[in-house]
Amino acid sequence: MALFDLPLDELRKYRSESTVPGDFDAFWDKTLRETREHDLDARFERVDTGLSTVQVHDVTFAGFGGHPVKGWLRLPAGAAEPLPLVVEFIGYGGGRGLPHENLLWASTGRAHFVMDTRGQGSVWGAGAGTPDPVGSVPGYPGFMTRGIDAPENYYYRRVFTDAVRAIEAARAHPLTDASRTVAFGSSQGGGITLAVGGLVPDLAAVAPDVPFLCDFPRATTLTDRPPYREIGLFLKTHHGHTAEVLRTLSYFDGVHFAARGRAPALFSAGGEDQTCPPSTVFAAYNAWAHEDKTIELYDFNDHEGGGPFHEAVKLRWLRSYI
């Protein structure tokens, strides 16, 4: 697929038409306050992986509603002092996988925490271990329309809250340095990264790659690829409910979290990305509030973005922050 979105000069100026709800901050303050009424109860259990340079801990903590959420904490073997911390969120449909996977960031001498995404983990990768015990009104298959009848019921309210608690859980380990915490993620993980970037005030930096969950008004009408297409197919059946659906989604739009971003940021986008079109990524990037920000555009790449090339960019970029 050739370039299909706005030209670069327009991308750099593009602003989303998504309207932030008047009670956006109050909604999230209330959500997090209610969640913190539950004890975080972060537990770390060492896993015997056979690895010699990285040690892995199986983590359980209380997320939204006090529900148990899983994760992996990977540490360089022999670590004795608190380490800079990378917290990573996972793409749509994937899970935390197996303990011996994903060793890059621990190999740099940093602590690396990966959060399982509730209810997911059965589409790609090596599985997951976090159920979502909350039910939903009828929705289109997938996660995008679960509880879409109201912001209080929407699936990503639980996921974004889990993500904030994941950072709190990772910081609770004695070998992590809370003052040097960075959030990462690609696609859905990038969207979750934007959310925590707007909800956690003291991150050292964030790096959302080809982020999903941004600029819903444009994304849902520009691309016919899933997962955004789940919303259109839901509205095809539930005709006449577009306004209510967009109102719910506005509480979860990465653009609005970006406007509250208080940390340096490195974004990436794929110029031929029809899953998360570049204009939707630039909508969040252009809204990002912190002045220290940059975006890497991989002109002829689809949703894979920069892949290993961008990993190299992040490895260099990260040295300036943790």
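Listing for the model above:
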| read-out | value |
| --- | --- |
| Filtered residues of region 88-104 (kept if over 21 Å from residue 48 (Cβ atoms), of a type outside the set (A, V, I, L, M) and outside any strand (DSSP E or B)) | 91, 92, 93, 94 |
| Residue list for region 138-166, restricted to those being in a loop (DSSP other than H, G, I, E, B) and either in contact with a Gly (Cβ under 6 Å, 6 or more places away or on another chain) or of a type in the set (Gly, Ala, Ser) (or both) | 139, 142, 145, 146, 147, 150, 154 |
| Residue that is least open to solvent (accessible area, probe 1.4 Å), among those in region 69-87 that are part of a loop (DSSP other than H, G, I, E, B) and small (Gly, Ala, Ser) | 79 |
| Candidate set: region 182-223, residues that are in a loop (DSSP other than H, G, I, E, B) and polar (S, T, N, Q); chosen: the one modelled with the lowest pLDDT | 223 |
| Selected residue [under 30 Å from residue 248 (Cβ atoms), open to solvent by less than 70 Å² (accessible area, probe 1.4 Å), among the hydroxyl-bearing types (Ser, Thr, Tyr) and at pLDDT 95 or above] from 49, 31, 108 | 31 |
| Candidate set from region 177-191 (those that are open to solvent by 10 Å² or more (accessible area, probe 1.4 Å) and over 10 Å from the mean Cα position of the chain (by Cα)); member that is nearest to residue 270 (Cα to Cα) | 180 |
| Residue list for region 137-155, filter: touching a helix residue (DSSP H, G or I) at 6+ places or on another chain (Cβ under 8 Å), aromatic (Phe, Trp, Tyr) and open to solvent by less than 10 Å² (accessible area, probe 1.4 Å) | 154 |
| Tabulated pairs, region 114-137, first farther than 15 Å from residue 154 by Cα, second open to solvent by 50 Å² or more (accessible area, probe 1.4 Å) and part of a strand (DSSP E or B), C-beta under 9 angstrom, 6+ apart or interchain | 130/68; 131/68 |
| Residue, surrounded by the fewest Cβ atoms within 10 Å (Cβ to Cβ), within region 116-136, restricted to residues that are closer than 14 Å to residue 65 by Cβ and not polar (S, T, N, Q) | 135 |
| Among (1) without any contact (Cβ under 8 Å) to a residue 24 or more places away in the chain; (2) crowded, with 22+ Cβ neighbours inside 10 Å, the one test that residue 291 misses | (2) |
| Odd one out for residue 62 among (1) crowded, with 19+ Cβ neighbours inside 10 Å; (2) aliphatic (A, V, I, L, M); (3) farther than 22 Å from residue 154 by Cβ | (3) |
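The values are calculated or read from the model by the stated rules, or taken from the named source; none is laboratory data. Please read these numbers as outputs of a predicted model, since none were measured by experiment. For neighbour counting, all protein chains shown are included, and Cβ atoms are generated from backbone atoms with ideal geometry for every residue, glycine included. These area figures cover heavy atoms from the full protein model, side chains too; ligands, DNA and RNA do not enter into them. Shrake-Rupley method; radii C 1.70, N 1.55, O 1.52, S 1.80 Å.
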